[in-house]
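The values are calculated or read from the model by the stated rules, or taken from the named source; none is laboratory data. Treat the numbers as computed from the prediction; the structure is a model and nothing was measured. Heads up, the Cβs are rebuilt from the backbone with ideal geometry, glycines too, and the neighbour counts pull from every protein chain shown. All accessible areas refer to the heavy atoms of the entire protein, side chains included, with ligands and DNA or RNA removed. Shrake-Rupley method; radii C 1.70, N 1.55, O 1.52, S 1.80 Å.
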Amino acid sequence: MSEPAMKTNVGQFLTRRAALSPDQDGLVDADTGRRFSFREWNLRSNRTANALTGLGVGPGDRVALLVMNSVEYAESFFAIAKLGAICVPLNLRLMPQEIAYILRDSGAETLLFSAEVAPIAQALHAMGGGDAGSPIERWIGVALPERPEWALSYEALQEAASDAEPEAGASEDDVLYIMYTSGTTGLPKGAVHTHNTATWGVLTIQATSDSRQGDRYLLSLPLFHVGALTPLTANVVGGVTNVVMRMFNPQRAWQLINDERITIMLKVPAMLNFMLQAYEPGKYKHDQLRFCWSGASPLPVALIEAYAKLGIPVHQVYGLTETCGPACLIAGEDAMRKAGSTGLAFFHTDVRVVDPSGADVAPGESGEVIVRGKHIMSEYWNNPEATAETIRDGWLYSGDGATVDEDGFVYIQDRIKDMIISGGENVYPAEVEGVLMQHPGVGDAAVIGQPSAKWGESAVAIVVRKDAELDAAGVLGFVADKLARYKQPVTVEFLDEIPRNPSGKVLKRVLREQYPGPAPE
């Protein structure tokens, strides 16, 4: 009698890597200095899985993580996957009421929370259950200096549990995690990824990118974001060491690149901008850094060129929570030859740019990016209407505007909903922001539309000064010969900081509320 076919369980990726590379560095906690080989990481993950099982957590149960980037986050994710429960990563920047909505929508009954967000957990606990509260029944505190009486100790649970390999409680099309979108407009939606979609997300990254066994990866995006959770998983499959930052700090990033001999990393454009401003020539070595991916928002060409002068290639990547990360990537010589493009579709991925009728646009024309592949989410949790609107005939409609050139390279412009229509012409904020970022006195920039009696809408620049002497006239004069007149901002507002979500995307909704207009004529 033949043995049953092997089934995919993402948690067991760590099991297999521990068997193949037991003594290799698997996980480095950059803030505490703790280091674990793949074998040690796997044993800790097994303990967490068995501890959760002992509490009554089983296949299909939702376990929410309100935890900072850490060893505990990384081992808990694989533990939840192994036992067949469903992980619900939570955005640490949300308010308690927003988190309570996600907990209710997902049906999570177990919550792990770390010290920095203990006040949020306290507020959630105080809400109780019911329509306005949360369904949490098991509260587990991670590394708490003082533990409330209603919470269990993660460390005590793990220490008391067996490190034996648990039997896989889920596989294939069973749900692995529900990742709620940023919610820049309206209520967040839970993108559902299965063990299969997550596996194909990893496979397509491995087949497309130049990561290698033995690489050392600096992970500094929050692990509740797909741009961190998918690379964490891909690095386990590929035998790459994860060096995890609890929180991003630009100077600390340069130090870790030097001290940990980082070879690859992913940073959103805002992070790269902050790192560039913090760069001190000659202080930290980075000659071993082969490249940096950058995603989450369009990458200004000026930033690509600035890093090229440092000898650091920046490869723009485009993806979404709904695609488990991958969609397009540019690398190698194309990164400079086609600077500003996010490249071609990943391996195992189809990408098109289409007009409202669904037909492919001609080179240079704008349209919407649609993506197809086995790594596309299965659905939005409890939201069949939004699922049907987003996934049509197997294609995921991204809501992102883009053009393609004659070679098929994709150029992301902006969220279609953020596009400004001025005098009947389309203005993509990302294009204007890219020009603004070329000004040496501009530290950060965002562009929104304001109502205009004359033009319908006009562009407004929101700028963070790098040069304290910079004024509106200097900004407007700089862009005057670099953009068509209808694309130029009509006014400039100055802020100390551009509001962004954890993935680095500008919160345009917040800016529109802060600067409602009307625009000056």
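Points worth noting:
- Pair-distance profile P(r), taking every C-alpha pair of the stretch 413-521, with 5 angstrom steps and integer %: 2, 12, 26, 27, 21, 10, 2, 0
- Cα-based Rg and Dmax for the stretch 396-445, where Dmax is the largest Cα-Cα distance (Å): 12.9, 39
- Of all accessible heavy-atom area on the chain, the percent that carbon and sulfur account for (1.4 Å): 51
- The Kirkwood hydrodynamic radius of the stretch 325-389, based on inverse pair distances between different Cα atoms, is 13.8 Å.
- Sequence-distant residues sharing a close amide H with Ile421 (under 5 Å, placed H): Val427
- Convex hull volume of the stretch 5-112 per residue (C-alpha atoms, cubic angstrom): 104
- Within the shell of other residues whose beta carbon sits under 11 angstrom from the beta carbon of Tyr515, the net charge comes to 0, with Lys and Arg scored +1 and Asp and Glu -1.
- Annotation: per residue accessible area for the stretch 162-237 equals 32 Å², rounded to a whole number [probe 1.4 Å, protein chains only].
- Debye intensity ratio in log₁₀ form over the Cα atoms of the stretch 112-154, taken at each q of 0.20, 0.23, 0.29 Å⁻¹: -0.56, -0.72, -1.06
- 3J(HN,Hα) along the stretch 513-521: 5, 6, 10, x, x, x, 6, x, 8 Hz, from the Karplus curve 6.51 cos²θ - 1.76 cosθ + 1.60 with θ = phi - 60°, whole Hz, x for Gly and Pro.
- Per the Kirkwood formula applied to alpha carbons, the stretch 389-474 shows a radius of gyration over Rh ratio, Rg over Rh, of 1.07.
- Seen against the Cα atoms of the chain and their longest principal axis, helix 96-106 is set at about 60 degrees.
- Across the stretch 46-59, rounded Karplus estimates of 3J(HN,Hα) from the backbone phi angles (6.51 cos²θ - 1.76 cosθ + 1.60, θ = phi - 60°) give 4, 4, 5, 4, 5, 5, 5, 4, x, 8, x, 7, x, x Hz, Gly and Pro being marked x.
- Think of each Lys and Arg Cβ as +1 and each Asp and Glu Cβ as -1; about the Cα centre, that makes the dipole of the stretch 308-447 roughly 400 debye.
- Most tightly packed first, judged by the mean number of other beta-carbon atoms within 10 Å of their residues, the peptides 254-263, 149-158, 384-393 read 254-263, 149-158, 384-393.
- Projected area averaged over orientations for the stretch 1-51, convex hull of C-alpha atoms, nm²: 4.9
- Alpha carbon Rg of the stretch 320-433, scaled by the compact-globule rule 2.2 N^0.38 Å: 1.09
- Per-q log10 I(q)/I(0), the stretch 270-346, q = 0.11, 0.13 Å⁻¹ (Debye; single scatterer per alpha-carbon; no solvent): -0.29, -0.39
- Here the Karplus curve 6.51 cos²θ - 1.76 cosθ + 1.60, taken at θ = phi - 60°, turns the phi angles of the stretch 7-23 into couplings of 10, 7, 10, 4, x, 6, 4, 5, 4, 5, 5, 5, 6, 7, 10, x, 9 Hz, with x standing for Gly and Pro.
- Violating pairs (Cα-Cα greater than 26 angstrom) within the set Lys283/Lys505; Lys189/Lys338; Lys338/Lys508; Lys309/Lys417; Lys267/Lys466: Lys283/Lys505; Lys189/Lys338; Lys338/Lys508; Lys309/Lys417
- Per residue convex hull volume, Cα atoms of the chain, in Å³: 166
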